[in-house]
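Heads up, the thing below is written out as structure tokens.
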Amino acid sequence: RARNCSQLHEKMFCMQQVLQAKQAIASLVEVEDYMTALELIHSARQVFHREQLSSIASMRVIGSQLDDFDGKVCQVMCSKFVSLAIQWEEDAESFSLSQQQGNSLEPLDSPDVEPVGNPSGPKAVPASSQEPLRALLRSLLQTSRLDFALNMYRTRLLDALKLIIRTCVLEYLTHFDPAMMVYDDYPGAGEDDAAEGESAAPSSSSSQSSSSSSFSQRVKEMTADNFLSCLSMCFENVLLSLTRAEVFHRFVEASLLRLSCHNTMGSTANATGSTMASAMSNTMGSPVVSIYSQVRQNTNPNPKSDGVDEDNNSSSVANSAMGIDGEVSAENIGGSTSGEVGGLIAASKSCLSAACELAQRSIAQLLTLRKDTTARQLSLEKVKFLWEISLHFVSSVEQLAGCSAYILRQCLLSHTKAFLDHLHETSKGRLVNTLDNERWVQCDVSIERQQEINRLAGGKTLLSPSVVADPLDHSSNPNSLLSPAPSSSASTSVKSKSREMQPVTVDAAGEFRVCWSVLLLVEIIVQYLEVASCFPPVTAEVIGKAAGLLRLFDSRTRVLVLGAQAIQSAARLKSISAKHLAITGQSLGLVIALLPHLRTALLAQIPPKHHMLLTELDRVSHELIEHHSQIVAKFVAIVGDFVDGSASKLRAVDWDRCLGGTSQLNGSNNSNCEYFDEVQRNVLALHRVLQSLLPSEQLQDVFFRIFALLNRKIPQHFEEVMPSTPTGRQRIMDEVTHMVLALSRLKQVDGSSLQSLEETFKRRYMR
């Protein structure tokens, strides 16, 4: 009986200790002494199972409550850890947002706004948050719940990033468009989840779909300045959050490595602590030992201990054995120091990587909404600003994540290609419209255009900033690339008779008197070079589009001038004269002279593996040279046509019936033969036109070919002419000598080749 009473007393004492432990657990959780609470739960559960208290009906519910307490305490620890991890970020970000909000909400007056700078903020976890975070991290590590806590932190971090972008966008929409105030929810949240690789459930509400559609439309309708301001603020605040997440990752990594190092160094102490814990477990059977006092004895912190002592203390806490449900054990601590630490560091790194990826996808989604608008409405300067702030964000994200920001780079490349495509189509339309209205006369070259050509010819196009007008604003700059082509009256009129038209001057190539169309073409090409300089990834596309534009100019010019379609075009020319041909040839000459400089400028923008792309420009150069040769040949053909037209008049001339050096032609007396008179008059008229338009080298080349034609054509026309008298033959020689002498006196022309014509006639008629 005494033995039974003693056993009953021990059983009642154990029941009392378990009930006291249950009451103490709540108090420990309230004071955030989570590890002591877990130790107490573990010890109480050991007593509960060892003493088989579950056989007592009134104690069964206590056993299930102890099991629930273990999971709830761990959940509270994880939530507290995540709250501390996020709280210091939000506290630091709130000041930054309040500082930026006033300035950021103002629309950009110009694209000269400075790009987003490095976000200011602490470079490490604040000291006030380090100790609680380190203690929680140590506790979570000991309970093998750190992985779960990091997953919670990842979810919270991603939600915070979504909230940042949502707030920035809606703030701009509601600030500049009060009608958007009714949309409290960011319609793109589901799309952000889909961007993370999650499958977003389709919405069953038509109002939500309408809200999303309206939101997208509102974003598209934002002005360019407002959108760039909104995007800049998104970049700055997202980058601030990512920077702090990276700092937190480094804190977690350093803490885990530190704990691993101390646990390795204290393995002997851990073994000793395990022996002590075993001995204490054996003494728990004694009715005089309190569970709570035993746990407090094992986990009582030393207030004067430094960081190393805290780690030693944590090792002693860890020495309390962990049960099968996830409580602390010495074996788990030993495992976490080697195999698990690397996995936990990788899990922490994955939180940062997921945040960087979500930031990329969210920003890319926002940019995609404005892709068409960006291509149509943004000027080159604003696209450059968008590119600069985006690349700064991309480089920062890549530095934080340690990998390429492929998503955002692809989005930027897609936007730039769309802008280039729109610019190219607009430029093609303008060039075709200008060519159709071109009157093919010399236009005056402004100082600004001459300076731009000098920069291109001097290889300085990509070295110094150029004044580039809005490619979609045709009235902002009178010399703009896409400004309307001057009217026919404006292009042909001269402001003052005393002021001559200024030609284009290219070093080492001379002067070129060109039409308006080629100036427009050169300015488009210069802008393409600036696009290649500002956006190097699209340089290959720029080469193709520049070659296509040059081919368009070449082919359209062939049709209008050599094909005489300018007579039927909007210009309505009466005929294609030698003057039109000369201006066309000079315009082609300017393009041919600038092509090597264009090739050199593009060569500096592409890697060696893409140098073969420039062969397309070489083909275009050969096509232009061929076109120019056809124009020169056209001058010779014009002379050949009127020489052949005058040949019919030779049949009516009676060279033998001439009196006093005159000849009879169609019943009238003339001082000269009409055949030679027309040839001489037409050649002199052509010389007057070409002398004022062509450089001396080209003029000499043209008339060398013309004189060769005369040496061949004129003797052919006299093959059937043979006067019967010496007087008639002398008359022919006099006419030939007079024409040769007149043509030999032409300025800037070498007429020595005409001597062979005179020799030919002497051999025929003076034998």
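Numbers below:
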{"item": "Sites K747 and A540 - FRET efficiency at Förster radius 51 Å, r taken between beta-carbons, to 0.05", "result": "0.55"}
{"item": "Residue-span extension gain [T760 to A647] - 0.36 nm each, minus C-alpha spacing", "result": "38.9 nm"}
{"item": "Subset of K545/K579; K382/K609; K713/K747; K349/K384; K349/K417 violating a 28 Å alpha-carbon distance limit", "result": "K545/K579; K382/K609; K349/K384; K349/K417"}
{"item": "Reciprocal mean inverse distance between Cα atoms of the range 341-437 - Kirkwood radius, Å", "result": "15.4 Å"}
{"item": "Separation in nanometres of the label points that stand 7 Å from Cα toward Cβ, at A571 and D701", "result": "2.2 nm"}
{"item": "Cα gyration tensor category, rounded, prolate or oblate, for the range 399-454 with a/c compared to 1.5", "result": "oblate"}
{"item": "FRET E, pair K371, N433, Förster distance 22 Å, beta-carbon r, rounded to 0.05", "result": "0.25"}
{"item": "Hz values of 3J(HN,Hα) by residue in the range 148-165 - Karplus curve (6.51, -1.76, 1.60), Gly and Pro given as x", "result": "5, 5, 5, 5, 5, 5, 4, 4, 5, 5, 5, 5, 5, 5, 4, 5, 4, 5"}
{"item": "Computed lengthening from L603 to V441, 0.36 nm per intervening residue step minus Cα-Cα distance", "result": "54.9 nm"}
{"item": "Potential extension, S79-S404 segment - 0.36 nm per residue separation minus Cα distance", "result": "113.8 nm"}
{"item": "Per-pair calculated FRET efficiency, R0 = 25 Å: Q130 and C261 via Cβ, rounded to 0.05", "result": "0.90"}
{"item": "Protection proxy ranking, peptides 689-696, 554-561, average beta carbon neighbours within 10 Å, highest first", "result": "554-561, 689-696"}
{"item": "Inter-probe distance in nm under a simple model that places probes 7 Å from Cα toward Cβ, at T167 and N151", "result": "2.8 nm"}
{"item": "Within the range 721-741, backbone nitrogen closer than 19 Å to the virtual label 7 Å beyond the Cα of D656 toward Cβ", "result": "721-734"}
{"item": "Projected label distance in nm at H9 and Q450, using a 7 Å step from Cα toward the beta-carbon", "result": "12.0 nm"}
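Only the coordinates and a few stated rules stand behind these numbers; no lab work does. All of these numbers come straight from a predicted model, not from anything done at the bench. Glycine gets a Cβ as well: all are built from the backbone with ideal geometry, and neighbour counts include every protein chain shown.
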